[in-house]
Amino acid sequence: MDPAAPLTSLKHRHLLGLSTYSAPEIGLILETAREFREVLERPIRQVPTLRGYTVANLFFEPSTRTRLSFELAEKRLSAESVSFTRSGSSLTKGESLRDTARNIEAMKVDLAVIRHTSPGAAHFLTRCIEARVINAGDGAHEHPTQALLDLLTMSEHFPSFEDLRVSIIGDIAHSRVARSNIFGLTTLGASVTLCAPPTLLPVRVEELGVRTTSHLEEALDGCDVAMALRIQRERFGASLLPSLREYAIRFGLRMRHLREHPDMIVMHPGPINRGVEVDHDVADHERAVILDQVTNGVAVRMAVLYLLATGSA
Amino acid sequence: MLDLLVAGGTVLAPLAGTFQRADLRIIGGTIAEIGPNLDGGALPVLNARDRLISPGWMDMHVHLREPGQEHKETIETGCRAAAAGGFTAVACMPNTDPPIDSREVVHSIIERAANLPVDVYPIACVSRGRAGIDLTEMAELADSGAVAFSDDGSPVQSSGLMRRALEYARMCQRPIINHMEDLTMGPKGHMHEGLVSTRLGLKPVPALSEESMVARDLMLAELTGAHLHVAHVSTALSTDLIRGAKARGVRVTAEACTHHFALTDEAVESSGFSSDTKMHPPLRSAEDVAAIKSGLSDGTLDAICTDHAPHAPFEKEVEFCTAPYGIIGLETAWGLTGTHLISPGTLSVAEAVRKVCVAPRRIFGLPVPEVAVGASANLTVFDATTEWTFTRENICSKARNTPFIGSIMTGRVWAIYNHGQLVKSNSS
């Protein structure tokens, strides 16, 4: 069998991360998402594809845009959905993740979407319940649907991932968005540079097939896509970074950078700290595709829900 | 007291490294006769054909959880697991509630273990309440039966306190055992810092958090002349540092846990973030595992232990970050030793037995049992060749937090005999 041949269904039961997904599987999701993207442009933005399916959205960590995006994707596909939101760790706040999930499964669901602070929470969920599981972010591990929507957005601006140069700038060590993008982009043949202060670069990350630098100019040199990550305020004072001010000066994307790199687009998974990772004017610039990412998020999540719900793996 | 004829076995003298085909006649808990083809008359017979008999083993690092956390394990259930694993003695760590920092707690543990087939030796705290501030009354604790001092999972951070603890413990002729960790490096980390932690996004614990403390404590041991015992050595550099210190004549001994030579940090990923791969110190890299094996082989690491750490299923069967650290180990200790050290030729059977029988007792200054006429019968019956699969049914502990369910092991324990009691391993 030709490994590059297009697939018609996924080989995985779950979407726990992109580290185990092959290029044809990622290609299938993106191709399917493009079809759903077209549905979103119609006057009636709904299809009956998943009528009769039930999805549980389990958000154990606060999330606005990812939860809304999944809920909207489920509605657009005509699936029934229930959402559950709770912050805090399971042991301090009563019922365990296992019991919560099993209770919701007892109400008969086909798919479960989970967001949790613990890396591996989605893996753990697959051992607790029978439903197919979609990881909507597990700690600093993976956020595969975010990376998929990033890939879809990049593919709208560049013809191929081969030789595409993507620089991810920010808190790589604590970022699930960075990890999923690294796995997805390297699988598709893109060239990835990570740019962060050394305290925010995890050890041996180069062995994932990426370059690293702590100098923004170096990261932007020849770069097609500059992806800025949200910097969490709790990193300051935790002996990881001295100040927001110094970070913004050395790692913030400014109008100057857009002028110096006229073909480069700017991405950000949101929510943005204006004036920190990206300048106010950069965030609103026409080459900042941040809102396209949000739209593509719904299409990608429709594709993942559809492919997993109807998959045979 | 069960009178018994142990028939058909081969007696291993671990120190001499000799094997002798012999039957044992045990009367009133004492070895009455040793020789080939003894006639036991009407005595019950333990068939030891194709099996080895050694002086009973000791696991020098276990958590029995009593008092205070009996929902995880009790002295009785922990000793049942020890017996199943071939151990006739264990030393238990003081992270109980209350901690073992008073004569009364030492006494109560010894009392509760009095009629069990496994000898229980309490390890008392270095500091009151394991708080790392004030020394415990070590002399009284030692007189009461504490065999060593350790603050276990709350390692002594203050270099000043550690120096005083070593000096004072020297007077009591007991070792100080330190869980080596600089808590400011990789605080509350969940796995070994390396490529796997980078892939998985789990909060890492660098090898250096252990190694820098090993270096400090070796210097303090050298300064004070006291006996330092390094708990669960898990990294290559720690092993090198101990090797160097031993060559300089520092009074240091060290132990390695079975899981630290059986698994690497890859197990966290391959198990899909199973919390049964989460322990402290964490599973390390393949290079570290190789170094632990060579440290065991050349004698840098004196003893093999388990750090048996039972947790209730409701505590451990949760998402990775929430789960407590540690796995049970008593029932799998010999199978892992056989599989990972004896089969590949890292240790001979006699060398391996020395590390679970002789070394722990010497470290604590305890007499090593002998298989000799007139001696109290304190025996482990085992082999180093049987292949078997470890299943949940083999677990005697109250807990079941182990990553080794389903693992094929080489080398099996069949029974122990101690204090006139025979305990057959439920794997038999």
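The values are calculated or read from the model by the stated rules, or taken from the named source; none is laboratory data. As the structure is a computational prediction, the values presented were derived from the model and not from experiment. Here the Cβ positions follow ideal geometry from the backbone for every residue, glycine too, while neighbour counts run over all protein chains shown.
Descriptive notes on the structure:
- Applying the set (1) in contact with a Pro (Cβ under 6 Å, 6 or more places away or on another chain); (2) modelled with pLDDT under 95; (3) not aliphatic (A, V, I, L, M) to B:THR96 leaves exactly one unmet item: (2).
- Only one of the listed residues (A:ALA106, A:ALA122) is among the hydrophobic types (A, V, I, L, M, F, W, C) and over 18 Å from the mean Cα position of the chain (by Cα). That residue is A:ALA106.
- Evaluation of B:LEU220 against (1) within 11 Å of chain A (Cβ to nearest Cβ); (2) in a helix (DSSP H, G or I) (one fails), failing number: (1)
- Evaluation of A:ALA122 against (1) over 22 Å from A:THR20 (Cβ atoms); (2) hydrophobic (A, V, I, L, M, F, W, C); (3) in contact (Cβ under 8 Å) with a residue 40 or more places away in the chain (one fails), failing number: (1)
- One residue stands out among those in region B:351-372 that are small (Gly, Ala, Ser) and buried (at least 18 other Cβ atoms within 10 Å of the Cβ): the one that is farthest from B:ALA384 (Cα to Cα), which is B:ALA359.
- Checked against (1) touching a Ser or Thr at 6+ places or on another chain (Cβ under 6 Å); (2) away from chain B (no Cβ under 14 Å); (3) assigned to a loop (DSSP other than H, G, I, E, B), A:PRO202 passes all but condition (2).
- Here the condition is being touching a helix residue (DSSP H, G or I) at 6+ places or on another chain (Cβ under 6 Å) and within 14 Å of chain A (Cβ to nearest Cβ); of B:ALA256, B:ALA267, B:ALA207, it holds for B:ALA267 alone.
- Of all positions in region B:143-155, none carries a residue that is free of Cβ contacts under 8 Å to residues at least 60 places away in the same chain and among the β-branched types (Val, Ile, Thr).
- Residues (in contact with a helix residue (DSSP H, G or I) (Cβ under 8 Å, 6 or more places away or on another chain) and away from every other protein chain (no Cβ under 14 Å)) located in region A:205-223: A:THR213, A:SER214, A:LEU216, A:LEU220
- Criterion applied to A:GLU246, A:GLU234, A:GLU260 was being more than 30 Å from A:SER78 (Cβ to Cβ), surrounded by fewer than 21 Cβ atoms within 10 Å (Cβ to Cβ) and modelled with pLDDT of 95 or more, and the one residue passing it is A:GLU260.
- If only residues of region B:176-204 that are aliphatic (A, V, I, L, M), part of a loop (DSSP other than H, G, I, E, B) and away from every other protein chain (no Cβ under 12 Å) are counted, the one that is farthest from B:ALA91 (Cα to Cα) is B:LEU183.
- Check on A:GLY27, under 26 Å from A:GLU207 (Cα atoms) and assigned by TED's automatic domain parsing to the domain that holds A:VAL304: yes
- Of the candidates B:VAL214, B:VAL230, the single residue that is in contact (Cβ under 8 Å) with a residue 40 or more places away in the chain, away from chain A (no Cβ under 14 Å) and either under 30 Å from A:VAL203 (Cα atoms) or touching a strand residue (DSSP E or B) at 6+ places or on another chain (Cβ under 8 Å) (or both) is B:VAL230.
- Scanning region B:282-321 for residues that are part of a helix (DSSP H, G or I) and away from chain A (no Cβ under 14 Å) yields B:ASP288, B:VAL289, B:ALA290, B:ALA291, B:ILE292, B:LYS293, B:SER294, B:GLY295, B:LEU296, B:SER297.
- When each of A:LEU30, A:LEU16, A:LEU40, A:LEU7 is tested for being surrounded by 12 or more Cβ atoms within 10 Å (Cβ to Cβ), within 24 Å of A:VAL109 (Cβ to Cβ) and either among the hydrophobic types (A, V, I, L, M, F, W, C) or touching a Pro at 6+ places or on another chain (Cβ under 7 Å) (or both), the lone residue that passes is A:LEU16.
- Enumeration of residues in region B:147-197 that are buried (at least 23 other Cβ atoms within 10 Å of the Cβ) and over 23 Å from B:HIS61 (Cβ atoms): B:GLU193, B:GLY194, B:SER197
- Considering residues of region B:87-103 that are buried (at least 23 other Cβ atoms within 10 Å of the Cβ) and not in a loop (DSSP other than H, G, I, E, B) only, the residue farthest from the chain's Cα centre (by Cα): B:THR88
- Of all residues in region A:241-258, those that are free of Cβ contacts under 8 Å to residues at least 60 places away in the same chain and either among the small types (Gly, Ala, Ser) or closer than 30 Å to B:PRO187 by Cα (or both) total 11.
- Spans of strands (runs of 3 or more DSSP E) in region B:1-86 with at least 1 residues at pLDDT 95 or above and more than 27 Å from the chain's Cα centre (by Cα): B:4-7, B:18-21, B:23-27, B:30-35, B:45-47
- The single condition from (1) away from chain A (no Cβ under 14 Å); (2) touching a His at 6+ places or on another chain (Cβ under 8 Å); (3) within 27 Å of A:ARG127 (Cα to Cα); (4) surrounded by fewer than 21 Cβ atoms within 10 Å (Cβ to Cβ) that B:THR346 fails is (3).
- Residue within region B:376-389 that is part of a loop (DSSP other than H, G, I, E, B) and surrounded by fewer than 17 Cβ atoms within 10 Å (Cβ to Cβ) present: no
- Being more than 14 Å from chain A (Cβ to nearest Cβ) and surrounded by fewer than 21 Cβ atoms within 10 Å (Cβ to Cβ) is a condition met by at least one residue of region B:322-337.
- Filtering region A:270-313 to residues that are in a strand (DSSP E or B) and not basic (Lys, Arg) leaves A:VAL278, A:ALA288.
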